[in-house]
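The values are calculated or read from the model by the stated rules, or taken from the named source; none is laboratory data. Keep in mind it's a predicted model, so treat the numbers as computed, not measured. Cβ sites come from the backbone with ideal geometry, for glycine too, and all protein chains shown count toward neighbours. Just the protein is used for accessible areas: all its heavy atoms, side chains included, with ligands, DNA and RNA removed. Shrake-Rupley method; radii C 1.70, N 1.55, O 1.52, S 1.80 Å.
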Amino acid sequence: MAGEREWRQAELRATRDLTPDIRLFEIAPAGEFVPPAPGSHINVAVQIGERPDVRSYSIVGPCADGLYRIAVKLLPLSRGGSAHMWRLKPGARLSVTTPGNHFPLALHRPDYLLVAGGIGITPIYTMALALAREGARMRLLYGCRTPRDAAFAEELRAVLGDRLSLAFSQDGGRLDLASAIASLAPGGELYVCGPIGLLEEAKRTWRDSGRPVDGLRFETFGNSGRFASETFTVRIPRLGLEIAVPPNRTMLDALEEAGVAMISDCRRGECGLCALRILDTDGIVDHRDVFFSEEEKAENAKLCTCVSRVAGGSITVDTPDRPAPW
Ligand SMILES: Cc1cc2nc3c(=O)[nH]c(=O)nc-3n(C[C@H](O)[C@H](O)[C@H](O)COP(=O)(O)OP(=O)(O)OC[C@H]3O[C@@H](n4cnc5c(N)ncnc54)[C@H](O)[C@@H]3O)c2cc1C
């Protein structure tokens with residue numbers, strides 16, 4: 001499905017704030033409507049400063065009326081894709097793709113456990129509605145910071161009743177993954193969408209339960225790391241440079257702006273082209289890429305500068321010695 005996507009012109013019909021930082025967008029695409037399966041997302045063209053870029057957003061709800069609905073969390077300390085979305089007003093012209101799906105819901109399983117953290121509720125909400133419609137056996141665990149942050153909680157409560165469990169971290173609440181997995185019927189599947197910490201806990205708990213690896217399906221929206229983004233300093237002794245990377249810039253952007261000749265492609269931590277050799281650090285490298293293995297990340301020999309950061313200190317790196325372009 002992902003390979004068959006087409007770009008379409010579209011109009012933003014309406015927006016509605018679901019929580020203080022999650023906004024619902026109703027989008028009418030031109031041309032024949034491609035209905036989304038649960039777990040699907042659309043890509044939206046955004047403008048990040050001077051640079052056109054693309055962001056993905058999961059489709060919420062069945063969209064039986066021919067509109068794609070997405071819910072976008074505003075990330076103030078980011079490159080600005082979500083802020084671009086939040087600046088859009090009803091009537092705005094958009095470019096969106098037809099739906100793609102890397103997180104498909106398998107139907108007719110004996111039991112389902114759905115787990116969402118924060119904005120990760122978007123695909124999980126759509127899955128929960130689809131499963132409830134099918135009369136499937138299921139449970140949903142949904143963790144948020146506070147009740148005010150729990151987008152779609154009322155709608156889910158109305159459909160799922162006590163099959164929905166909410167936990168609020170501000171009150172010390174935790175999702176009890178171990179007992180929910182233990183009570184899942186044999187052959188049941190686990191679907192998780194949320195921050196990397198939740199996903200890792202789910203993977204660990206699933207593995208410890210002895211259930212088959214392919215019974216766990218997940219999606220993350222990008223890795224926000226294990227530490228909050230803060231300013232850190234990059235030193236490149238060979239070039240005599242010392243560069244500050246503020247929380248809302250990537251290390252790659254900061255190096256490019258300082259005139260360092262970098263090579264990059266995906267800018268999502270997937271291709272590894274922008275990786276640099278680490279000479280020293282007095283902080284903790286927060287590896288946010290999916291390019292290096294866990295072992296390579298633990299070795300700390302290199303980092304992907306497009307997404308990874310340093311917490312609590314500075315880093316000294318070297319860039320490949322590239323010939324001058326003339
Ligand atoms: C399949 C899919 C579905 C998605 N669905 C949704 C959805 O339903 N709702 C939603 O709100 N989002 C969703 N996203 C995420 C969305 O595509 C954007 O990544 C999000 O809106 C943030 O965009 P941004 O430009 O504001 O932040 P970006 O800068 O693109 O941030 C992306 C990631 O990089 C990290 N990051 C941010 N700033 C820095 C920095 N200075 N240095 C290093 N790393 C940084 C962030 O923590 C984040 O994880 C989805 C993503 C995917 C892949």
*Charges only on Cβ, +1 for Lys and Arg, -1 for Asp and Glu: so what's the dipole of the chain about the Cα centre, in debye to the nearest 20?*
600
*How would you order 157-165, 66-74 from highest to lowest mean count of nearby Cβ atoms within 10 Å?*
66-74, 157-165
*Per the 1.4 Å probe, what fraction of the accessible area of the range 112-219, in percent, lies on carbon and sulfur atoms?*
51
*Solvent-accessible ranking of Trp86, Trp7, Trp206, largest area first, probe 1.4 Å*: Trp7, Trp86, Trp206
*Out of all DSSP beta bridges with both ends in the chain, state the antiparallel percent to the nearest 5.*
65
_For the chain, built as a Gaussian network whose Cα springs stay under 10 Å, the top-fluctuating residue of Arg211, Arg133, Arg249_ = Arg133
*Can you figure out the FRET efficiency of Glu230 with Arg137, using R₀ = 41 Å and their beta-carbon distance, to the nearest 0.05?*
0.40
*Go ahead and run the numbers for FRET between Arg16 and Ala258, Cβ-Cβ distance against an R0 of 56 Å, rounding to 0.05.*
0.85
*Heavy-atom SASA rank of His102, His41, His108 (probe 1.4 Å, accessible area, largest first)*: His108, His102, His41
*Read phi for every residue in the range 305-311 and hand back ³J(HN,Hα) as whole Hz from Karplus 6.51 cos²θ - 1.76 cosθ + 1.60, θ = phi - 60°, with x for Gly and Pro.*
6, 6, 10, 7, 9, 10, 10
*Would you kindly state how much longer the chain becomes between Arg174 and Ala30 on full extension, computed as 0.36 nm times their sequence separation minus their alpha carbon distance, in nm to one decimal?*
47.5 nm
*MRE, 222 nm, helices only [DSSP H, n ≥ 4, -39500 (n - 2.57), over the chain, to nearest 500]*: -5000 deg cm²/dmol
*GNM top mover of Val54, Val285, Val307 - the chain, alpha-carbon springs below 10 Å*: Val54
*Quantify, in whole percent, the carbon and sulfur part of the accessible surface of the range 2-97 (1.4 Å probe; protein heavy atoms only).*
52
*What full-extension length gain, to one decimal in nm, is calculated for Glu294 and His102 as 0.36 nm per residue of separation minus the Cα-Cα distance?*
66.9 nm
*Would you mind pulling out the separation of the Cα centroids of the range 35-78 and the range 139-169, in Å?*
22
_Cα-projected label distance for Leu279 with Arg93, points at 7 Å along beta-carbon direction, nm_ = 5.1
*With a ≥ b ≥ c taken as the square roots of the eigenvalues of the C-alpha gyration tensor of the range 112-219, please select rounded if a/c is under 1.5 and otherwise prolate if a/b is larger than b/c or oblate if it is not?*
oblate
*Report, ordered by chain and residue number, the lysines lying within cross-link reach of Lys89, taken as a straight Cα distance under 27 Å and ignoring same-chain residues fewer than 8 apart.*
Lys73
_Probe 1.4 Å, accessible area per residue of the range 1-84, Å²_ = 49
*Work out the FRET efficiency for Arg204 and Cys266 from their Cβ-Cβ distance, taking R0 = 30 Å, and round it to the nearest 0.05.*
0.60
_By accessible area with a 1.4 Å probe, ligands and nucleic acids excluded, highest first: order of Leu303, Leu105, Leu75_ = Leu75, Leu105, Leu303
*So which residue, out of Ala311, Ala202, Ala301, gets the largest mean-square fluctuation from a GNM of the chain using Cα contacts under 10 Å as springs?*
Ala301
*Once you sort the root eigenvalues of the Cα gyration tensor of the range 259-312 as a ≥ b ≥ c, which label holds: rounded (a/c under 1.5), prolate (a/b larger than b/c) or oblate (the other case)?*
oblate
*What is the range 112-219's relative contact order, in percent, from Cα pairs under 8 angstrom and six or more apart in sequence?*
32
_Integer Hz, Karplus 6.51/-1.76/1.60 couplings in order for the range 24-31, x for Gly and Pro_ = 8, 10, 9, 10, 9, x, 6, x
*Rounded, prolate or oblate: which fits the range 192-292, taking a ≥ b ≥ c as square roots of the Cα gyration tensor eigenvalues, rounded meaning a/c under 1.5, else prolate when a/b beats b/c?*
prolate
*Using θ = phi - 60° and the Karplus form 6.51 cos²θ - 1.76 cosθ + 1.60, what ³J(HN,Hα) does each residue of the range 143-148 get, whole Hz, x for Gly and Pro?*
x, 9, 6, 9, x, 5
